[in-house]
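Enquirer: Pasting a structure here, questions to come.
The values are calculated or read from the model by the stated rules, or taken from the named source; none is laboratory data. As the structure is a computational prediction, the values presented were derived from the model and not from experiment. Reconstructed Cβ throughout: ideal geometry from the backbone, glycine too, with neighbour counts over all protein chains shown. Areas reflect the complete protein model, heavy atoms only, side chains present, ligands, DNA and RNA absent. Shrake-Rupley method; radii C 1.70, N 1.55, O 1.52, S 1.80 Å.
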Amino acid sequence: DGLTGNVTDYLFARSLDGSRGDRPYLITPDRVWSFRQLADRAGQIANYLKSIGIKPGERVLFSVVDGADFPALFLGTMRIGAIAIPINTYLKPHDYSYYIRDSECVAVIADHTLAPIISGLRSEFPKVRHVISASKDVAGLPFLDSEIEGCSVECASFPTDPNDMAFWLYSSGSTGSPKGVIHTGNHIYWATELFGSGAMKLNESDVILSPPKMYFAFGLGCQVYFPLRMGARNITNPDPISPDTVWKQWLEHEPTIVIGVPTLFAALLRIAEEKIGAERVRQASRRLRYCVSGGEILPATLMERWRKFADIQILDGVGTTEMTHMFMLNHLGRAVPGSCGRLVDGYRAELVDDKGAPVAQGEIGNLRAFGPTAATQYWNKPEKTEEVMGRGGVLTGDKMFQDADGNYFLVGRSDDMLRVGGIWVSPAEVESVIAQHDSVLECAVVGHSDDEGLIKPKAFIVLRNAAGAETSQLTEQLRNHIRAKLAHFKCPRWFEFIEELPKTSTGKIQRFRLRQLDHESAQQ
């Protein structure tokens, strides 16, 4: 059982069969791409990569916005047996340096906004033989569109072993540097069969609207390999996620499935209530089968408000980068508010204590997930691999309990990581940047619930000189300072200035006390 041969053959087998290849796959703001046109572009990229000397097993790192280039690069790279490594397009130069160094990639294809930055870093990385610009021409660099123009669209797939590495996804994880999660062709096959086909029941008549980006494990499945295999249509957007843009696409295209994170669903509902109205939303949702939410806990109140407002069902689920995609989901018509659902067929899980022993039903334990999509190693991080995957399956870092009906409930993380808009944020990373500001003596970052019950970072600050400090002005200075160094979603939403941070006798900051303090003040 499982995949045979190269995963790109499996993904295109159904959608290129007969006249199906002419059906639309990707709706971009500029044009519509059919399955055949996308396959042709992937074939040209595959031939181009071969022509510049990329060999099977070599790593090709790419960072491009959502659009036809992303799936074409992802598939074209894997077609020749090379390893595809998609990377976030919203990072800082030092982040790209880390990924290039860690992956030991030989080629980097980057959006025209990033290509000059990466080209400037090139002297640090003698293994990088090629830096190529995508979407627009950049002076002094090869331009992807021009380079592939003369390449044949036909490229025979390299006969890869389905259990060999095919692509990596970088996980921020809970501690330390990002980790390269090694995935195989079989992982895509089983994620598609068990979740895309089995749980989501995707078919050729589906129209998917998935704002989560293609570089993100959640978006990669929902925008790229699920619709390619199942023959579904995907509406995409190259720009940063904006609720207004999502509504524009929703009203225009009337999707059958909408994918998102709770933060987005909360923002969409706010706009719908204030500007669009329930009648127009219901009209645009007449073909909608359901929405899928992941990335963080979906508040039961938010789920219920959507149901009352427009009779829209949001199914909450759980997935991780290490498990390739989702492996838990609520059932249509039987969604349990506050629960992240049940195990998808083909997966199993156990809840264990800190020593690895199973906990009793109803008790909180650490989630270990098992299934044919589970990664077995992080690139070059044996200790972390042993800790997370050493006993089989993946120790996800989630703390959960299970009720008598088999529904799982997420209660938090086994560490202090924050899940913001579906992406992990390390408090330590944010704290180290805040601490660089001249006015700051000490700081700590914890999660705080906003009005919708969604978690956002909050910073507690101890000032060097609190006397006479203008806190509103300081808040703005700190916000600008952080945003200059980190991605915007990592910037704290709130800043609270306090006299001292609670600490243990050994001097460690007690974040749980800050969370308690925060919770108590919210109750008053």
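Enquirer: What list of ³J(HN,Hα) values in whole Hz, one per residue of segment 105-111 in order, does the Karplus curve 6.51 cos²θ - 1.76 cosθ + 1.60 (θ = phi - 60°) give from phi, with Gly and Pro shown as x?
Expert: Per residue, the Karplus-derived 3J(HN,Hα) values read 6, 9, 9, 10, 10, 9, 3 Hz.
Enquirer: Okay, moving on. Anything over 24 Å Cα to Cα? Flag those among K213/K490; K92/K456; K92/K399; K355/K399; K248/K485, in the order listed.
Expert: Details: K213/K490 17 Å; K92/K456 21 Å; K92/K399 31 Å; K355/K399 14 Å; K248/K485 32 Å.
Long pairs (Cα-Cα over 24 Å): K92/K399; K248/K485.
Enquirer: For segment 124-185, run through the GluC sites (Glu not before Pro) and keep only the ones in DSSP coil with at most 13 other Cβ atoms within 10 Å of their Cβ. Can you show the working numbers first?
Expert: Details: sites: E124, E147, E149, E154; in loops: E149, E154.
Here the GluC sites (Glu not before Pro) that fit, given the DSSP loop and packing criteria, are E149, E154.
Enquirer: Can you check what the net charge comes to around S133, using other residues whose Cβ is under 15 Å from the Cβ of S133 (Lys, Arg +1; Asp, Glu -1)? Kindly include the intermediate steps, with their values, before the conclusion.
Expert: Numbers: positive: R122, K136; negative: D69, D111, D137, D145, E147, E149.
Net charge in that neighbourhood comes out at -4.
Enquirer: Whole angstrom only: what separates the Cα centroid of segment 423-502 from the Cα centroid of segment 58-78?
Expert: 36 Å
Enquirer: For K381, list the lysines whose Cα falls under 20 Å from its own Cα; do not include residues on the same chain fewer than 8 positions away.
Expert: Hits, sequence-local ones excluded: K179.
Enquirer: Another question, if that's okay. If each of V352 and R101 carries a label point 7 Å out from its Cα toward its Cβ, how far apart are those two points in nm?
Expert: About 3.3 nm separates the two model spin labels.
Enquirer: Taking the alpha-carbon distance from K308 and a cut-off under 21 Å, which lysines remain once sequence neighbours fewer than 8 residues away in the same chain are dropped?
Expert: Here the lysines satisfying the reach criterion relative to K308 are K275.
Enquirer: Keeping all protein chains in place and using 1.4 angstrom, which order do L441, L478 fall into by accessible surface area, from largest down? Present the calculation step by step, with values, prior to reporting the outcome.
Expert: Values: L441 95, L478 0 Å².
Heavy-atom accessible area, descending, gives L441, L478.
Enquirer: Also, I was wondering about something else. Rounded to the nearest 10 Å², what accessible area does L517 have for a 1.4 Å probe in the complete protein model?
Expert: 80 Å²
Enquirer: For T256, T471, what's the largest-to-smallest order of accessible area, 1.4 Å probe? Working shown, then result.
Expert: Values: T256 10, T471 60 Å².
From most accessible down to least: T471, T256.
Enquirer: If you count only protein heavy atoms with a 1.4 Å probe, what accessible area per residue comes out for the chain, rounded to a whole Å²?
Expert: Details: 21960 Å² over 524 residues.
Here the residues of the chain average 42 Å² of exposed surface.
Enquirer: Mean residue ellipticity at 222 nm from the helices of the chain, using -39,500 (n - 2.57) per DSSP H segment of n ≥ 4 over the full residue count, to the nearest 500 deg cm²/dmol? Each step should come with its number before you reach the end.
Expert: On the way: 16 runs with 151 residues, N = 524.
Roughly -8500 deg cm²/dmol at 222 nm, from the helical runs in the chain.
Enquirer: Amide H of I109: which non-local residues (sequence gap of 5 or more, or other chain) have their own amide H closer than 5 Å, using H built in the peptide plane?
Expert: For I109, whose amide H was placed from the backbone, the distant partners under 5 Å are L61, F62, S63, I132.
Enquirer: If you don't mind, another one. Cut-off under 19 Å on the C-alpha distance; same-chain residues fewer than 8 positions from K127 excluded. Which lysines are left, in chain and number order?
Expert: By straight Cα distance, K127 reaches K50, K55.
Enquirer: Calculate the FRET efficiency for S197 and D164 from the Cβ-Cβ distance with a Förster distance of 35 Å, rounded to the nearest 0.05. Kindly include the intermediate steps, with their values, before the conclusion.
Expert: Numbers: r = 24 Å, r/R0 = 0.67.
Efficiency, from the Cβ-Cβ distance: 0.90.
Enquirer: Leaving ligands, DNA and RNA out of it, work out the accessible area of R513 with a 1.4 Å probe and give it in Å² to the nearest 10.
Expert: Result for R513: roughly 110 Å² accessible.
Enquirer: Read phi for every residue in segment 202-207 and hand back ³J(HN,Hα) as whole Hz from Karplus 6.51 cos²θ - 1.76 cosθ + 1.60, θ = phi - 60°, with x for Gly and Pro.
Expert: So the Karplus estimates, Gly and Pro as x, are 5, 8, 5, 8, 6, 10 Hz.
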